[in-house]
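Encoded as structure tokens, the structure appears first; notes follow it.
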Amino acid sequence: MATFVPYNRDQAFLLPPDLKAWLPEDDLAHFVIAAVERVPLGAFAVNARPSGKRQYDPRLMLALLIYSYANGIFSSRRIERATYRDIGVRYVAANTHPDHDTIAAFRRANKASFEAAFLQVLLIAREAGLLRLGLVAIDGTKIDANASKIRSVRYDRAKTLRQKLAEDIAALTAQAEAADAADTPDPQALPRQIARRERLKAQLDAACARLEAAAQREAEAVRAEVVAKQAEWDAKTGRRGRRPKSPPDDPPAPAPDRQSNLTDPDSALMRRSDAHEYRQAYNAQAVVSADGTQLILATNLVATTADAPSFAATILAMESTCGLPGCVLADTGYASGDAVSALQARGIEALVAIGATQPHRPYDFRPPPDPKLARQIKEPWRIAMKDKLGTEDGKTRYAKRQQSVEPVFGIIKSAMGFVRFRLRGIQNVAAEWMLTALAYNCRRMHRIKAA
């Protein structure tokens with residue numbers, strides 16, 4: 001006859017329990033707590049006034065967020081629930097239970113503390129001999145915004161809807177006034193309908209204003225470029241061709257198909273490639289050590305599909321944190337002559353893939369595409385880059401790009417489960433991306449030290 005281990009759910013503890021004894025000695029929680037204790041209190045946004053509700057210690061809150069993100073818990077409500085149900089989270093929270101509003105408010109207001117903790121983890125890596133800046137790789141990945149793409153509206157459609165809403169609001173207002181005079185049984189129904197339409201019209205007004213302001217900024221940039229070309233043409237001797245024509249002074253209207261999202265205006269419609277669908281997302285950038293540690297050394301976040309415009313700025317920003325690298329590996333999306341020149345001016349070598357015509361796979365399930373002419377490379381910097389990548393040394397170093405930065409995004413999205421931002425607005429989302437990279441680095445450092 002089978003025997004079973006006896007149990008009693010009503011059995012009381014004979015001695016007070018110690019949460020630390022319930023966690024392994026090599027648990028990630030111990031590393032996170034040790035790293036956060038090094039962050040100075042001045043990096044946190046706290047209420048210095050002693051009045052009002054007592055605050056949780058900011059280091060405790062930061063450790064709670066890092067440990068939760070590292071274990072795939074991102075929602076503030078799920079983090080609150082985990083402080084009761086998860087032993088590791090309960091230990092990091094010191095057996096306290098911050099509510100979800102407190103957690104969400106701390107996450108929105110403490111980007112500076114995320115940056116300070118990110119730097120402290122890199123300093124720990126430097127002390128352990130794991131911070132290597134000789135060879136780094138940069139790449140970007142599209143991560144969904146906290147907004148739906150069906151909330152994106154075109155400029156021409158927004159103008160039409162604004163006019164229709166104005167007419168409907170006027171009609172409902174007249175109907176409400178008539179209902180007040182007749183003393184209807186539900187006098188609040190019409191005001192609620194009017195309020196909903198006024199709220200939607202205000203959102204559409206703001207969307208049109210954003211698109212018009214963006215069109216104005218683009219026109220001013222084009223006008224400045226034309227003025228510079230005109231001055232260059234006027235300064236030449238032995239002029240040839242026509243003088244560049246000045247653009248019209250009238251403020252341009254946005255293109256009819258330009259869109260703005262009503263939920264998160266800073267996000268944009270983008271897709272990973274031509275084979276993928278459009279999604280409301282952000283382009284999250286990461287600079288990763290390519291010398292074996294796979295630590296994230298710097299982050300950036302943009303709301304454009306293009307990687308090249310932020311290339312040089314992301315790398316040069318490392319000077320104020322962990323230091324400038326010796327060589328940067330990047331794919332063809334970062335191919336920019338200006339960015340490569342800016343990096344070379346600071347003594348940073350750039351190895352950027354030069355795009356070529358994509359060959360058709362012989363056993364592709366899709367029908368063969370129309371034949372394309374081979375891409376001609378004429379720019380001197382592209383020719384020089386292609387020659388450099390064709391050498392054995394260039395091939396050996398560039399081969400480390402895919403095996404260093406690509407697995408990092410795979411771990412963040414698949415192992416950690418971070419596929420969607422919780423915050424809105426590019427500043428808040430950039431802070432959350434920094435927090436995610438910080439949680440990844442803690443996971444990675446803990447694994448390296450345990451190996």
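The values are calculated or read from the model by the stated rules, or taken from the named source; none is laboratory data. Just so it is clear, the structure is predicted and the values come from calculations on it, not from any experiment. With ideal geometry, Cβ positions are generated from the backbone for all residues, glycine too; neighbour counts draw on all protein chains shown. Please note that ligands, DNA and RNA were not included when accessible areas were found on the heavy atoms of the full protein model with its side chains. Shrake-Rupley method; radii C 1.70, N 1.55, O 1.52, S 1.80 Å.
Here are some notes:
- For the stretch 237-258, the condition holds for no residue, the condition being that it is in a loop (DSSP other than H, G, I, E, B), in contact with a helix residue (DSSP H, G or I) (Cβ under 7 Å, 6 or more places away or on another chain), closer than 30 Å to Ala450 by Cβ and modelled with pLDDT of 85 or more.
- Taking each residue of the stretch 66-81 that is at pLDDT 95 or above and looking for partners that are surrounded by 23 or more Cβ atoms within 10 Å (Cβ to Cβ) and among the hydroxyl-bearing types (Ser, Thr, Tyr) with beta-carbon atoms closer than 7 Å, six or more apart or interchain, yields Tyr69/Thr436; Ile79/Ser68.
- Selection count, the stretch 270-302, where residues are part of a strand (DSSP E or B) and of a type outside the set (S, T, N, Q): 13
- Whichever residue in the stretch 48-62 is surrounded by 10 or more Cβ atoms within 10 Å (Cβ to Cβ) and either polar (S, T, N, Q) or in contact with a helix residue (DSSP H, G or I) (Cβ under 8 Å, 6 or more places away or on another chain) (or both) and, among such residues, is modelled with the lowest pLDDT: Gln55
- Verdict on Ser310 being small (Gly, Ala, Ser) and at pLDDT below 85: no
- Thr357 meets all of the listed conditions (1) open to solvent by less than 70 Å² (accessible area, probe 1.4 Å); (2) at pLDDT 90 or above; (3) farther than 25 Å from Ala268 by Cβ but one, namely (2).
- Residue list for the stretch 63-110, filter: on the phi > 0 side of the Ramachandran plot and open to solvent by 70 Å² or more (accessible area, probe 1.4 Å): Asn95
- Residue in the stretch 122-130 that is of a type in the set (Val, Ile, Thr), more than 20 Å from Arg443 (Cα to Cα), surrounded by 15 or more Cβ atoms within 10 Å (Cβ to Cβ) and in contact (Cβ under 8 Å) with a residue 60 or more places away in the chain present: no
- Enumeration of residues in the stretch 3-25 that are more than 17 Å from Arg90 (Cβ to Cβ) and either surrounded by 10 or more Cβ atoms within 10 Å (Cβ to Cβ) or hydroxyl-bearing (Ser, Thr, Tyr) (or both): Thr3, Tyr7
- Conditions (1) of a type in the set (D, E, K, R); (2) in a helix (DSSP H, G or I); (3) modelled with pLDDT of 85 or more; number of the one not met by Asp139: (2)
- Test: Lys229 is outside any helix (DSSP H, G or I), open to solvent by 40 Å² or more (accessible area, probe 1.4 Å) and either over 25 Å from Ala145 (Cβ atoms) or hydroxyl-bearing (Ser, Thr, Tyr) (or both): no
- The stretch 390-417 - residue that is under 16 Å from Thr332 (Cα atoms) and among the charged types (D, E, K, R) and, of those, most open to solvent (accessible area, probe 1.4 Å): Lys395
- Within the stretch 29-40, being within 26 Å of the chain's Cα centre (by Cα) and of a type in the set (A, V, I, L, M) holds for Ala29, Val32, Ile33, Ala35, Val36, Val39.
- Checked against the criterion of being acidic (Asp, Glu), at pLDDT below 95, open to solvent by 90 Å² or more (accessible area, probe 1.4 Å) and over 30 Å from Ala34 (Cα atoms), the candidates Asp364, Asp387 yield just one match: Asp387.
- Any pair with Cβ under 7 angstrom, 6 or more apart, that starts in the stretch 155-174 at a residue that is over 13 Å from Gln193 (Cβ atoms) and ends at one that is among the aliphatic types (A, V, I, L, M) and assigned to a helix (DSSP H, G or I): Tyr155/Leu211; Ala158/Leu204; Ala158/Ala207; Leu161/Leu204; Arg162/Leu204
- Any hit, the stretch 294-301, residues being open to solvent by 20 Å² or more (accessible area, probe 1.4 Å), at pLDDT below 90 and over 20 Å from Gly425 (Cα atoms): no
- Tabulated pairs, the stretch 408-436, first under 21 Å from Val121 (Cβ atoms) and small (Gly, Ala, Ser), second part of a helix (DSSP H, G or I) and open to solvent by less than 30 Å² (accessible area, probe 1.4 Å), C-beta under 8 angstrom, 6+ apart or interchain: Ala431/Arg107; Ala431/Phe114
- Listed by first and then second residue, the pairs linking a residue in the stretch 385-398 that is acidic (Asp, Glu) to a residue that is open to solvent by 50 Å² or more (accessible area, probe 1.4 Å), with Cβ atoms under 9 Å apart and 6 or more places separating them unless they lie on different chains, form an empty list.
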